[in-house]
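So the structure is just underneath, and the comments pick up after that.
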Amino acid sequence: MQATAAALLAPIRASLGVGLQHALKRLPWAFTGTMFLSAALVFSVQPMFAKMVLPRVGGGAAVWTVALVFFQAALLAGYVYAHLLTTRFTFRTQIAIHAGVLVLASFFLPIAASPLFTDPPASGQALWLLALFAVSVGAPFAAASATAPLLQAWYSRTGQADATDPYHLYGASNAGSLLALLAFPILIEPMLGTQAQSLSWAIGFCALGFALMACGSLTLAAGGEKVVVAHDATRASWRQRLLWLGMSAMPSALLVAATTHITTDVASAPLLWVIPLALYLAAFIAAFSKQAPLSPRIAALILPAAVVLALVSSWVGGDWRLQALITLSALGMGVYVGCRALYDSRPLNGGLTEFYLWMSLGGVVGGASTALLAPVVFDTTLEWQLTLALCLFAVPLAAAKLTRPMLIVFGVCLALAVLGTIGALAFGPAWIGNATSAAVLACICPAIAAGRSRKLLAVACAGVAFVAASLPHVSAPFVGRSFYGVVRVVDSPDGKWRMFAHGTTNHGVQSRRPETALVPAGYYGPLTPIGSAFRVLNGADRLHEVAVLGLGAGAMACHARAGQSWMFVEIDPLVVRVAEDPRYFTFLSRCTPNAPVIVGDARLEMQRQPAGKFDLIVADAFSSDAVPTHLITEEAMALYLSRLTSNGVALIHVSNRNLALADVAARAAEAAGATVLHRSYMPQGFDMANVGSEVLAIANTPEALAPLAAEAEWRPAHPKPGRVWTDGYSNILEPLLGRLFSRHRAPQHI
C-alpha cells in the first residue's frame with residue numbers, strides 16, 4: 001500500500017521539484033523586482049503625502065524640508081527594525097514577524113492626513129508637522145522602508161553566486177526610487193488626484209506584502225534557513241562608524257539646504273521638491289555602482305569648483321534658472337563625493353544592516369540639523385553656504401593624492417571667485433561683504449590643495465560661514481527667520497526707500513520722506529492694478545468691510561478710508577511683528593491702528609468668517625516669490641466668493657517671475673462660478689513707487705465688476721484651456737513652462 005502511494009506521489013513530487021527549480025532560477029529577478037517595487041512606494045509617497053498636508057500649514061517651502069526629515073527618521077526606524085530582525089531571530093521567525101508588521105501597517109491605508117491635526121499652532125509648526133506625518137503615514141512607510149536591508153540580508157542566504165555581495169540589489173532600489181520620483185510630477189500628479197494616488201499606493205503596498213512573502217518562501221526553499229551568514233572578521237570600529245555617520249549626514253544636509261534654496265523662491269510643489277531629491281538619488285546610484293562613472297580624482301577636481309560657483313552665485317544673485325543649475329551641480333557633486341566615500345568603506349555582507357543603520361542615522365542627523373536646527377540657530381538661510389563648505393571635507397577622502405593639474409583647477413576656481421566679486425562690486429551695494437568673500441574664497445583653494453590638512457580646511461570652512469552670515473546683515477536694520485522664511489528690512493542705496501523682503505522678494509516698500517511716507521507704493525501704488533482697484537472702488541463708495549490675506553509691510557492699509565472696517569490675515573508671526581513696529585514701517589500704526597491682524601492660514605481663517613461679509617477680499621499671500629497653491633484652487637476661489645457681499649470683489653495677486661499663474665487662477669475662478677477680469681501692469685522703466693504686477697478681479701456677478709470693467713486696463717480674462725487646479729490636483733509644470741517660454745516679460749520685481 002505504501003509502495004503504491006509512493007509510486008502515485010512520485011510524479012507529483014517530481015513536477016513540484018521541477019517547478020521549484022525553475023522558481024529558484026528566477027530568484028534574483030524576484031528579489032530585484034520586489035526591491036524595485038518597495039523603493040517606488042517609499043519615494044512616491046513622500047511628495048504625495050507632503051502635498052496632501054500643504055493646505056493645513058500655508059503651503060510654505062518648509063513643509064517639504066520637514067517632510068524630508070520625517071521620512072529620513074522613518075527610514076531609520078525601518079532600518080533599525082530590519083537590523084534587529086535579521087540579527088536576533090531565526091529566518092522563519094523573521095518571515096512571520098514581518099508578515100505581522102505588514103498586516104498591522106495596512107490598517108493605516110489608504111493614506112490620508114489625520115483629522116486629529118487641523119489647525120497648526122502659532123509656534124512649533126515643525127514638531128506639529130512631524131506628529132501629523134507620524135500618525136498619518138509613519139507605520140506603512142516604516143514597514144515598506146525596511147524592505148531594502150531586509151531583502152539584502154535574505155538574499156545572502158539564497159546560495160546564489162552573488163549572494164556574498166548583495167549591494168547590486170541596492171541599485172535596483174535606487175532605480176525604483178528615481179523612477180518613482182520622476183514619474184510623480186510628470187505622470188502621477190498631472191493624471192491622478194490625491195484620492196486616486198492614495199488608493200493606488202495602498203494597492204501597491206498590498207502587492208509588496210505578497211512579493212516579500214514570496215521572496216521569503218523561495219529563500220526557505222533554497223535552504224536559506226540553514227545558511228549562516230558570514231560576518232566581518234573584525235567588528236566595525238567607532239571611527240569607521242563615525243565616518244559612515246558623517247559621510248551620510250553631509251549629503252542629506254546638502255539636499256535639504258539646496259531644496260530650501262530653490263523652492264523658497266519658486267513654489268512649494270512636488271515638481272520642485274523631487275528635482276533635487278532625484279539628483280540626490282542619481283548621484284547615490286552612481287556612487288554605489290561597482291564601476292564608478294566618475295573617478296574620485298576627477299570628482300575631487302570638480303567639487304571645489306562647483307562649491308565656489310555656488311557660493312558666488314548665492315552671494316551675488318542673478319537669473320534664477322542659472323542659480324538653480326549651479327545649485328543642482330554643487331548638490332550632485334557633493335552627494336557623489338560623500339556617497340562614494342561611503343561605498344569605499346562598506347563592510348562585507350554580514351555587516352550590511354549595521355552599515356545601512358549608521359548611514360540612515362547620518363541622513364537623519366544631516367537632515368534634522370538643516371531643516372529643524374538651522375532655522376532656530378540662524379536668522380538667515382546660512383545652512384546652504386555652511387553645507388557647501390562642509391562638503392569640502394570629503395575631498396581628501398575622494399582623492400588620496402592631489403596633483404599639479406588639480407592645483408591649476410583650484411586656480412581657475414579662485415579666478416571665478418574674483419570675477420564674481422568684481423561683478424558684485426559693480427552691481428551690488430554690499431561691496432564690503434563681497435570683497436571679504438573674495439579673500440575667503442582665495443583661502444579655500446590652497447586649503448583644498450593641501451589635501452589632508454584638516455586644519456586648513458576647518459579655517460576655510462569657518463571663513464565661508466562667517467562671510468555667509470555677515471552678508472545679509474550689511475545695511476539691514478532687521479534680519480529674522482521663522483518657520484516660513486527669512487524676513488529682512490533693507491534700505492535702498494540712495495536712502496529714499498525702506499523695503500520689506502521675504503526670502504529673495506520684496507513685499508513692501510515705504511518712502512523715507514515724511515510727505516510721501518503714507519502713500520502706498522510698490523505693488524500697491526496708484527498706477528498698479530491693486531492701487532487702481534482701491535481708487536475705483538473707494539470712489540464708488542463700495543468698500544465697508546475689507547479683508548487682506550497676506551500682510552507684508554502693511555502698505556495696503558493706507559488705502560483705507562474713514563468708516564471702513566479692515567482685517568488682516570498673516571500666517572507668519574515674524575511678519576506681523578515687523579509690520580506693526582513703527583521703527584521699521586508706519587503703514588499699520590498710522591493708517592489702520594485699530595484693524596485686527598489675525599495670525600493664521602488665509603483659507604482656514606476665511607472659513608471662520610460669516611458668509612457674505614466682505615465688500616473686498618485681497619488675496620496677496622506670498623512666501624518669497626511663491627504663491628501657495630492652495631490659495632488659487634477652485635475650492636479657494638469658491639471660498640472667496642462665498643464670503644463676498646452681492647456686490648463684493650476679490651483681488652487675486654498672481655505676480656510671479658517664475659510661474660505664469662494668471663491662467664491657472666482664472667480657470668479655477670471660472671470653475672467656481674466667478675466672473676473674472678485681468679490686469680497686468682508693466683512700467684516703462686524702473687519705478688519704486690509703482691512696481692509691475694499682475695492681478696485678477698473676481699466676483700459673483702458681472703455687475704459687481706462693472707466699476708473696474710469701465711476702465712480699459714481691466715479686461716475679461718480668457719484663460720487657455722486646461723485642467724482646473726483643485727485641492728486634490730495641481731500641475732506646477734504648466735505654469736513653470738508657461739513662464740519659461742512666454743514671449744511676455746514677467747512682472748517687475750523690486
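Only the coordinates and a few stated rules stand behind these numbers; no lab work does. Every value quoted in this text rests on a predicted model; they were computed, and no experiment measured them. Cβ sites come from the backbone with ideal geometry, for glycine too, and all protein chains shown count toward neighbours.
Side notes on the structure shown:
- Residue order, fewest to most beta carbons within 10 Å, for Lys496, Lys613: Lys496, Lys613
- Using θ = phi - 60° and Karplus 6.51 cos²θ - 1.76 cosθ + 1.60, couplings along region 46-51 (whole Hz; Gly, Pro as x): 5, x, 4, 6, 4, 5
- In this simple spin-label approximation, Ala221 and Ala99 carry label points 7 Å from Cα along the Cα→Cβ vector, and these lie 1.5 nm apart.
- Computed across region 25-228, the Kirkwood radius stands at 17.7 Å (inverse of mean 1/r, all Cα pairs).
- Cα→Cβ-extended label distance, 7 Å offset, between Ser345 and Val376, nm: 2.7 nm
- In this entry, region 488-740 is assigned a mean projected area of 12.9 nm², taken as a quarter of its C-alpha convex hull surface.
- Shown is the FRET efficiency for Leu127 and Arg590, computed with R0 = 30 Å from the Cβ-Cβ distance and rounded to the nearest 0.05: 0.20.
- Fewest neighbouring Cβ atoms within 10 Å first, the residues Arg481, Arg577 line up as Arg577, Arg481.
- Protection-proxy order for peptides 132-142, 548-558, each taking the mean of Cβ atoms within 10 Å per residue, highest first: 548-558, 132-142
- Once the gyration tensor of the Cα atoms in region 621-725 is diagonalised, the equivalent ellipsoid follows with semi-axes of 21, 18, 12 Å, ordered largest first.
- Exposure proxy for Glu354, Glu189: other Cβ atoms within 10 Å of each Cβ, ordered fewest to most, give Glu354, Glu189.
- Dimensions in Å of region 589-669 - Rg and Dmax from alpha carbons: 13.4, 38
- Simple label model, 7 Å out from Cα along Cβ direction - Leu733 to Arg583, nm: 4.9 nm
- Rounded to the nearest angstrom and listed largest first, the equivalent-ellipsoid semi-axes of region 554-599 from its Cα gyration tensor are 17, 13, 7.
- Taking a sphere under 14 Å around the Cβ of Leu181 and counting the other residues whose Cβ falls inside, with K and R at +1 and D and E at -1, yields a net charge of 0.
- Placing a label point 7 Å from the Cα of Thr726 along the Cα-to-Cβ line, the residues of region 662-681 whose backbone N sits under 18 Å from it are 664-674.
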